[in-house]
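The structure appears below as structure tokens.
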Amino acid sequence: MTTPYKVLIIGAGPIGLACALECNKKNWNYVVLEKETLTNSLFNYPKNMSFFSTSEKLEIDEIPFISNNPKPNRDEALEYYRRVATSNRLKINLYEEVNAINKEGDHFTVISNKTEYVAENVIIASGFYDIPKLLEVPGEESSKVTHYYNEAHPYAMQQVVVVGASNSAVDAALEIWRKGGHVTMVIRGSEIGDRVKYWVKPDIINRIGEGSIKAYYNSEIVEITENDITITTPDGEISFANDFVVALTGYRPNFKFLEDSGINLSADTARLPQYDAQTMETNISGLYLAGVICGGMETHKWFIENSRIHAKLITEHIATLDIKKE
Ligand SMILES: Cc1cc2nc3c(=O)[nH]c(=O)nc-3n(C[C@H](O)[C@H](O)[C@H](O)COP(=O)(O)OP(=O)(O)OC[C@H]3O[C@@H](n4cnc5c(N)ncnc54)[C@H](O)[C@@H]3O)c2cc1C
């Protein structure tokens, strides 16, 4: 049998990288497997986004993150995490997707789309940005519908429906309107989300108030067709002309992957994965969770700021177990 990896990390997001830095410091034999590009979720964030955190709160292993403004933008974050990965020579295999994790005795067999690995410990840091929460309405599969907003230019002079009332939806609605798009927000609740950034909220409320951006509250999409959209509102069903739908209704972790790996999920709608908050170890010994994946459907609960600590908790636990074994 080939020498097993001490630690195999799934996902090269900020938290997977934080785990890799800890393994590097301990001189452990480890590898990170990332299914797409480095920090793939951040790469897919809107081009002009700014983080709500200041740059030092996004630092991993206290490596300084210097940005032009207190709150960095996407490009600065990509630059930072890229430099962290390259200058620390982190061992990362990009474009390699993990499809299964099987525990066999004391070891895990990890099966990727390229090969198989043996590891003593596995850290799942796979985030939740790959699977959008779908609207589940006819027409959602059409090319005019997207669940990822990138930039406003393609929407200039177009009739655009933005679905949702969270930070992402609000940022997209404002930016598209400012670049000449005709924006209608379709909002399931009765108001703009209460977690919307405090410095952005007055902007959207005022734009809606003055009629620059139209908003239908307590409303949901019924059907999307080539040229129109139909929604239910408190005043009944209405249809209007529509060119694009930007549905920013959130994302969810890959629960099937967690369950297939043997991790218990809570039976309620939160579907919280089982793990020990002190060590991040799941109900399977040697299998750990790190980063935003820990929140189940409560995807707002964990972010970079408050989950970068997971890397140290996990590696200290593994090191403590090693001492006990000696
Ligand atoms: C618009 C926006 C703004 C944000 N602003 C902030 C902020 O200001 N401050 C803050 O703290 N947080 C912020 N967040 C949240 C933050 O970006 C996420 O919390 C962060 O990306 C989580 O890091 P992670 O490493 O846990 O997961 P991710 O960054 O999602 O990384 C997971 C990685 O795992 C990979 N992966 C998934 N499945 C597999 C597989 N089977 N095999 C191999 N690889 C796999 C993915 O491709 C991805 O690269 C923001 C989020 C958004 C959407």
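To the nearest 20 Debye, how big is the dipole of the chain about its Cα centre, given +1 on the beta carbon of each Lys and Arg and -1 on that of each Asp and Glu?
840 debye
With labels modelled as points extended 7 Å from the Cα through the Cβ direction, what inter-label distance (nm, one decimal) is found for N24 paired with E36?
Simple spin-label model gives 2.4 nm for this pair.
Which residues does the label zone of Y148 cover in region 97-134, counting backbone N under 15 Å from a point 7 Å along Cα→Cβ?
Within reach of a label on Y148, which here means backbone N under 15 Å from a point 7 Å along Cα→Cβ, region 97-134 contributes 127-133.
GluC sites (Glu not before Pro) within region 1-63: which are DSSP loop residues with at most 10 other Cβ atoms inside 10 Å?
Passing sites in region 1-63 are E62.
Just to confirm, what accessible area per residue do you get for the chain at 1.4 Å probe, in whole Å²?
Result: 49 Å² of accessible area for each residue.
Taking 0.36 nm per intervening residue step and subtracting the Cα-Cα distance, what contour gain separates E116 from Q274 on full extension?
Computed gain between E116 and Q274 is 54.3 nm.
Could you let me know the centre-to-centre spacing of region 253-315 and region 87-142, using Cα atoms, in angstrom?
Comparing the Cα centres of region 253-315 and region 87-142, I get a distance of 14 Å.
Return the distance in nm (one decimal) between the two label points of a simple spin-label model at N206 and R178, each offset 7 Å from Cα along Cα→Cβ.
1.3 nm
Run the simple label-point estimate for E104 and N68 please: 7 Å along Cα→C-beta, distance reported in nm.
5.2 nm
Please list, in order along region 214-231, the HN-Hα scalar couplings obtained from phi with the Karplus expression 6.51 cos²θ - 1.76 cosθ + 1.60 (θ = phi - 60°), rounded to whole Hz, x for Gly and Pro.
Ordered by residue, 3J(HN,Hα) equals 8, 9, 10, 8, 6, 10, 9, 6, 9, 7, 10, 10, 4, 10, 9, 9, 10, 10 Hz.
When the helix-only estimate is applied to the chain (DSSP H runs of n ≥ 4, each -39,500 (n - 2.57), divided by the residue count), what is the mean residue ellipticity at 222 nm, nearest 500 deg cm²/dmol?
-7000 deg cm²/dmol
If you bin every alpha carbon distance in region 134-247 into 10 Å steps from zero, what whole percent lands in each bin?
Cα pair-distance distribution for region 134-247, in percent: 15, 51, 31, 3.
Restricting to DSSP loop positions (anything but H, G, I, E, B) with no more than 15 other Cβ atoms inside 10 Å of their own Cβ, which chymotrypsin sites (Phe, Trp or Tyr not before Pro) remain in region 160-221?
Sparse-neighbourhood loop chymotrypsin sites (Phe, Trp or Tyr not before Pro): Y198, W199.
Go ahead and run the numbers for FRET between L265 and T232, Cβ-Cβ distance against an R0 of 45 Å, rounding to 0.05.
E between L265 and T232, to the nearest 0.05, is 0.90.
Which of the aspartates and glutamates could be linked to K325 by a straight reach, that is with a Cα gap under 17 Å, when you skip same-chain ones fewer than 8 residues away?
Those aspartates and glutamates meeting the cut-off are D106, E120, E316.
Can you send over the carbon and sulfur percentage of the accessible area for the chain, probe radius 1.4 Å, protein chains only?
On the chain, the fraction of accessible area on carbon and sulfur atoms equals 48 percent.
Hey, quick one: spin label on R195, modelled 7 Å out along Cα-Cβ, who in region 149-174 has an amide N within reach, i.e. under 11 Å?
166-168
Which of the residue pairs K25/K71; K26/K47; K71/K214; K214/K301 have a Cα-Cα distance greater than 32 Å in the structure shown?
K26/K47
Mind checking which lysines have their C-alpha under 17 Å from K103, skipping anything on the same chain fewer than 8 residues away?
K6, K256
Which value, in Å² and to the nearest 10, is the accessible area of L272 when all protein chains are kept and the probe is 1.4 Å?
Near enough 50 Å² of accessible area.
Could you tell me, in Å, what Rg and Dmax come out for the Cα atoms of the chain?
For the chain, the Cα-based Rg and Dmax read 21.6, 71 Å.
The values are calculated or read from the model by the stated rules, or taken from the named source; none is laboratory data. For clarity, every value in this text was computed on a predicted model and none was experimentally measured. Virtual Cβ from ideal backbone geometry, glycine too; neighbours counted across all protein chains shown. For accessibility, only protein heavy atoms count, side chains too; no ligands or nucleic acids. Shrake-Rupley method; radii C 1.70, N 1.55, O 1.52, S 1.80 Å.
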